[in-house]
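Contents: one structure, followed by commentary.
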């Protein structure tokens, strides 16, 4: 068991990045997204009916984000991880977490205690591109007290089309802040 645990810890440490995210990598992903979505008005502009983009890809990404929320609510960390690309990344509290195993390890304790819910407010993708994004709001509450609020915030998720045509999370970043006032 000790060797296996050491191997798992070693594997996990390989997937973890230094305390601060690698600015070059994050900048590269952001630049790729900017190029993918083009300049000027993106193809995925908001629509009042569902805030989905104007392309089939943007609509698919919006739907994938909604399904991501539903499955995570049902399955917890297993559902969360299933929506990430094999080399997907998260930025949490200044840490860049890379790969499904490391993401699951980071999210398991959190999603065991917390009900995380979100909904996209916007999706965009340039037609024919393999990258797109969603922006939305999230809310976390204790599982034992769903009416209480631990935190709320905004998130950005960069989605990447996979070889099978599905959309998976390439990068997920959240920014906590208070709920907007009515």
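The values are calculated or read from the model by the stated rules, or taken from the named source; none is laboratory data. Keep in mind the model is a prediction, meaning the values are calculated, not measured. Cβ sites come from the backbone with ideal geometry, for glycine too, and all protein chains shown count toward neighbours.
If you go through the stretch 79-88 one residue at a time, do you hit one that is over 20 Å from residue 162 (Cα atoms) and part of a loop (DSSP other than H, G, I, E, B)? Talk me through it step by step, then tell me what you get.
From the stretch 79-88, those over 20 Å from residue 162 (Cα atoms) are none; that's our starting set.
The answer is no; no qualifying residue exists.
Looking at 175, 145, just one residue is more than 17 Å from residue 80 (Cβ to Cβ), in a strand (DSSP E or B), modelled with pLDDT under 95 and more than 11 Å from the chain's Cα centre (by Cα), and that residue is 175.
Scanning the stretch 61-78 for residues that are farther than 10 Å from residue 120 by Cα and either exposed (fewer than 15 other Cβ atoms within 10 Å of the Cβ) or over 12 Å from the mean Cα position of the chain (by Cα) (or both) yields 67, 70, 71, 73, 74, 75, 76, 77, 78. Condition check for residue 114 on (1) out of contact with any strand residue (DSSP E or B) (no Cβ under 6 Å at 6 or more places or on another chain); (2) farther than 20 Å from residue 64 by Cα: one failure, at (1). Which of (1) farther than 21 Å from residue 67 by Cβ; (2) in contact with a strand residue (DSSP E or B) (Cβ under 9 Å, 6 or more places away or on another chain); (3) in a loop (DSSP other than H, G, I, E, B) does residue 129 not meet, given it meets every other one? Just one mismatch for residue 129, condition (1). For the stretch 89-101, a tally of residues being at negative phi and outside any strand (DSSP E or B) returns 2.
Taking the stretch 102-120 as the region of interest, how many residues are part of a helix (DSSP H, G or I) and either in contact (Cβ under 8 Å) with a residue 12 or more places away in the chain or under 21 Å from residue 179 (Cα atoms) (or both)? Break it down into steps so the answer makes sense when it comes.
Keep residues of the stretch 102-120 that are part of a helix (DSSP H, G or I), which gives 102-113.
From what is left, the residues that are either in contact (Cβ under 8 Å) with a residue 12 or more places away in the chain or under 21 Å from residue 179 (Cα atoms) (or both) are 102-108, 110-113.
Number satisfying all stated conditions: 11.
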